[in-house]
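Engineer: Pasting a structure here, questions to come.
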Amino acid sequence: MSKPIPMVDLPKIHAPYQSDLDKAVLSVVHSGGYIGGTVVQDFEARAASYLGAPVIGVGNGTDALQIALMALDIKAGDEVIVPAFTYAASAEVIGLLGAVAVWCDVNESTFTIDPDSVKSVLSDKTAAIIAVHLYGQCADIEALENVAPDIPVVEDTAQAFGAVFTTGKYAGRNAGTVGSFGTFSFFPTKNLGALGDGGAIASTNSSLLAKAKSIASHGQSKKYHHDQLGVNSRLDPIQAAALTIKLNYLPQALNAKIQIAGQYLSAFESLNGVVLPLTASFSNHTYHQFTLRVPNGKRDGFASFMNDRGVATMIYYPIPLHKQKAYAHFEPRTSLSVSESLSNCVISIPVHEALEPSEVLAIQTTVTTYFS
Ligand SMILES: Cc1ncc(COP(=O)(O)O)c(C=O)c1O
């Protein structure tokens, strides 16, 4: 293979609209307004219109989660249910507030939160559930509401900006707009990525969103009037300017990823030794990641094979959170066997929107050669 194929290639992704990005960013640089202002408000309005729910910008996706939990009054001793199979930030914020992370398991085919597992760990201290829309498709929020009708759900939508519920009560609604809060990350490699850190919070509950907005600004409702403990978490105008440009290209970027994923799915359909990702019946899939399962201890051999032939792969995530040193004090209360087995067999392959047809073919051929 000629040139190595990385997981993502941001300069190549930006190339078709690089001059628009440059102009937008430079215009902020020359304006002298580097905090807040109309550029940020404009992005918030556009994101809200895209998602169909009011949005506030914050510093990053981790802050977004923490602020959402603070706005829900999560305090020391409260229990917050969170999947053991997700990025650490989803659970970290629980610990930071002195609350207790209560692990639940995930569905082994869709990788998202398992409502039955949630049911098994509910208690009278359960104060919230964090549902992660992992890898780009929606978690089953309706099923969560059925098992825990009175518990607020925070949708961690860091990986699924643009994913949509396709059936059920929330058909047609965007991921991140149906729970008490939806939280988003604009980490550069995400579906909608900034040129640095960025995040957002969405909610259709105006008083909750106003509270989150105040918390994100040192707990102020009015300048120098601090009503509650808050944090300093801002989406800056340079990022907002870049995100406003990139939001225009999001639908075509998602379509490109969906098309590439479709090609992978048909090319790999009849291979033995590899399990393909499943799209849940109630969601579309935006393929933030295209994640295969290679069981029976063969995953690492497959990763080396791909690497030797110039195709990058990544393992999201090699250690479930309950096995991480930082979270060892949150002891499991239910079986986390799916999370444990997924950590040993998942592997993601490149699926970004700027992959060339020849690269897609090269990836397909390399995977197919390994499993044939
Ligand atoms: C599921 C999930 N939640 C939260 C975050 C945190 O987002 P950020 O890196 O913007 O703080 C990430 C980022 O990787 C994520 O994947």
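Engineer: Looking at the chain, I'd like the Rg to Rh ratio, where Rg is from alpha-carbon atoms and Rh is Kirkwood's inverse mean 1/r. Could the numbers behind the result be given before it?
Structural biologist: Values: Rg = 20.5 Å, Rh = 21.1 Å.
My calculation of the ratio gives 0.97.
Engineer: Can I ask one more? What relative contact order, as a whole-number percentage, does the stretch 1-145 give when Cα pairs under 8 Å and 6 or more residues apart are counted?
Structural biologist: On the way: 143 pairs, mean separation 24.9, N = 145.
Here the relative contact order equals 17 percent.
Engineer: Further question on the same structure: Determine, for Lys222, Lys23, Lys211, Lys323, the number of other Cβ atoms within 10 Å of each Cβ, and report the residues in order from fewest to most. Before the final figure, lay out each step's value.
Structural biologist: Values: Lys222 8, Lys23 11, Lys211 23, Lys323 15.
Fewest to most other Cβ atoms nearby, the residues stand as Lys222, Lys23, Lys323, Lys211.
Engineer: Right, something else. Beyond 14 Å, how much of the Cα-Cα pair distribution for the stretch 266-312 remains, as a whole percent? Before the final figure, lay out each step's value.
Structural biologist: On the way: 675 of 1081 pairs.
Considering the stretch 266-312, 62 percent of its Cα-Cα pairs are separated by more than 14 Å.
Engineer: Would you calculate a helix-derived [θ] at 222 nm for the chain, using -39,500 (n - 2.57) for each DSSP H run of n ≥ 4 and dividing by the full residue count, to the nearest 500? Let's see the in-between values first.
Structural biologist: Values: 12 runs with 143 residues, N = 372.
Counting only the DSSP helices, I get -12000 deg cm²/dmol.
Engineer: Within the set of other residues whose C-beta is less than 15 Å from the C-beta of Asp20, count the net charge using Lys and Arg as +1 and Asp and Glu as -1.
Structural biologist: My count for the surroundings of Asp20 gives +1.
Engineer: Spelling out what I want: for every residue of the stretch 82-99, take phi, set θ = phi - 60°, compute 6.51 cos²θ - 1.76 cosθ + 1.60 (Karplus), and round to whole Hz; glycine and proline get x.
Structural biologist: So the J values, rounded to whole Hz, are 8, x, 6, 10, 6, 6, 4, 4, 4, 9, 3, 5, 5, x, 4, 8, x, 7.
Engineer: When the chain is treated as a GNM, springs tying every alpha-carbon pair under 10 Å, which of Pro152, Pro251, Pro11 comes out with the largest mean-square fluctuation?
Structural biologist: Pro11
Engineer: Next up: Taking amide H positions as placed 1.01 Å from N in the peptide plane, with prolines and chain starts having none, which residues 5 or more places from Ala158, or on another chain, fall under 5 Å of its amide H?
Structural biologist: His133, Ser185
Engineer: I've got another one for you. Can you tell me which of Ala267, Ala48, Ala202 moves the most in a GNM of the chain? Springs connect C-alpha atoms under 10 Å apart.
Structural biologist: Ala267
Engineer: Pull out a ≥ b ≥ c, the square roots of the eigenvalues of the alpha-carbon gyration tensor of the stretch 217-372, then state rounded if a/c is under 1.5, prolate if not and a/b is larger than b/c, and oblate in the remaining case.
Structural biologist: Working: a/c = 2.58, a/b = 1.43, b/c = 1.81.
The shape class here is oblate.
Engineer: Using 1/(1 + (r/R0)^6) with R0 = 35 angstrom and r between the beta carbons of Ser270 and Thr189, what's the FRET efficiency to the nearest 0.05?
Structural biologist: On the way: r = 31 Å, r/R0 = 0.89.
Rounded to the nearest 0.05, the efficiency is 0.65.
Engineer: Can you give me the Kirkwood hydrodynamic radius for the stretch 1-133, using every pair of distinct Cα atoms, in Å to one decimal? Show your work: numbers first, answer last.
Structural biologist: On the way: mean 1/r = 0.0549 Å⁻¹.
Across the stretch 1-133, the inverse of the average 1/r is 18.2 Å.
Engineer: A further question on this structure: Could you tell me which of the pairs Lys222/Lys246; Lys75/Lys119; Lys23/Lys211; Lys12/Lys298 are separated by over 25 angstrom between their Cα atoms in the structure shown? Each step should come with its number before you reach the end.
Structural biologist: Numbers: Lys222/Lys246 32 Å; Lys75/Lys119 22 Å; Lys23/Lys211 34 Å; Lys12/Lys298 32 Å.
Over 25 Å apart, Cα to Cα: Lys222/Lys246; Lys23/Lys211; Lys12/Lys298.
Engineer: On to the next question. Taking 41 Å as R0, compute the FRET efficiency from the Cβ-Cβ separation of Asn255 and Ser207 and round it to 0.05. Let's see the in-between values first.
Structural biologist: Details: r = 36 Å, r/R0 = 0.89.
Efficiency at R0 = 41 Å is approximately 0.65.
Engineer: Could you work out which residue, out of Gly262, Gly196, Gly219, moves most in a Gaussian network model of the chain, that is, has the largest mean-square fluctuation with Cα springs under 10 Å?
Structural biologist: Looking only at Gly262, Gly196, Gly219, the biggest GNM fluctuation is shown by Gly262.
Engineer: Would you work out if the stretch 1-57 is rounded, prolate or oblate? Take a ≥ b ≥ c from the square roots of the eigenvalues of the alpha-carbon gyration tensor; rounded if a/c is under 1.5, else prolate when a/b is larger than b/c, oblate otherwise. Present the calculation step by step, with values, prior to reporting the outcome.
Structural biologist: Working: a/c = 3.18, a/b = 1.60, b/c = 1.99.
Oblate, because a/c is 1.5 or more while a/b does not exceed b/c.
Engineer: Ratio to report: Rg/Rh of the stretch 120-241, with Cα atoms as the point set and Rh obtained by the Kirkwood method; give two decimals. Walk me through the intermediate numbers first.
Structural biologist: Working: Rg = 15.7 Å, Rh = 15.6 Å.
We get a ratio of 1.00 for the stretch 120-241.
Engineer: Normalised by the number of residues in the stretch 250-371, what is the relative contact order in percent for Cα pairs under 8 Å and 6+ residues apart? Intermediate values should be presented prior to the final figure.
Structural biologist: Values: 132 pairs, mean separation 44.8, N = 122.
Relative contact order for the stretch 250-371 comes out at 37 percent.
Engineer: Please turn the phi angles of the stretch 161-166 into ³J(HN,Hα) values with the Karplus equation 6.51 cos²θ - 1.76 cosθ + 1.60 (θ = phi - 60°), one per residue in order, whole Hz, x for glycine and proline.
Structural biologist: After applying 6.51 cos²θ - 1.76 cosθ + 1.60, I find 4, x, 6, 9, 6, 9 Hz.
Engineer: Using Cα pairs under 8 angstrom and six or more residues apart, how large is the relative contact order of the chain, in percent?
Structural biologist: Values: 796 pairs, mean separation 85.2, N = 372.
Once normalised by length, the contact order is 23 percent.
Engineer: Let me ask you something else. Which length gain, in nm to one decimal place, applies between Lys325 and Lys169 when the Cα-Cα distance is subtracted from 0.36 nm times their residue separation? Please list the in-between numbers first.
Structural biologist: Details: separation 156, 0.36 × 156 = 56.16 nm, distance 3.91 nm.
Once the chain is fully extended between Lys325 and Lys169, it gains 52.3 nm.
Engineer: Place a label point 7 angstrom from the Cα of Ala76 along the Cα-to-Cβ direction, then list the residues of the stretch 96-123 whose backbone nitrogen is under 12 Å away.
Structural biologist: The answer is 97-99, whose backbone nitrogens lie closer than 12 Å to the label point.
Engineer: Expressed as cubic angstrom per residue, what is the convex hull volume of the alpha carbon set of the stretch 42-85? Each step should come with its number before you reach the end.
Structural biologist: Details: hull volume 4.9 nm³, N = 44.
Each residue corresponds to 112 Å³ of Cα convex hull volume.
Engineer: Here is a further query. Please arrange Leu271, Leu51 by how many other C-beta atoms lie within 10 Å of their C-beta, fewest to most. Numbers along the way, then the final one.
Structural biologist: Working: Leu271 15, Leu51 22.
If I rank by nearby Cβ atoms, fewest first, I get Leu271, Leu51.
Engineer: Shifting gears a bit: As a test of the definition: which semi-axes, in Å, follow for the stretch 213-298 when you take the square root of five times each eigenvalue of its alpha carbon gyration tensor? Largest first, please. Don't skip to the end; give the middle numbers.
Structural biologist: Details: eigenvalues 367, 70, 24 Å².
Over the Cα atoms of the stretch 213-298, the ellipsoid semi-axes are 43, 19, 11 Å.
Engineer: Further, regarding this structure: When the gyration tensor of the stretch 105-160 is built from Cα positions, what are the square roots of 5 times its three eigenvalues, in whole Å, from largest to smallest?
Structural biologist: Details: eigenvalues 70, 30, 15 Å².
Here the semi-axes work out to 19, 12, 9 Å.
Read-outs throughout are calculated quantities, based only on the coordinates presented, and are distinct from any laboratory measurement. Every value quoted in this text rests on a predicted model; they were computed, and no experiment measured them. Don't worry about glycine lacking a Cβ; one is built from the backbone with ideal geometry, like all the others, and counts go over all protein chains shown.
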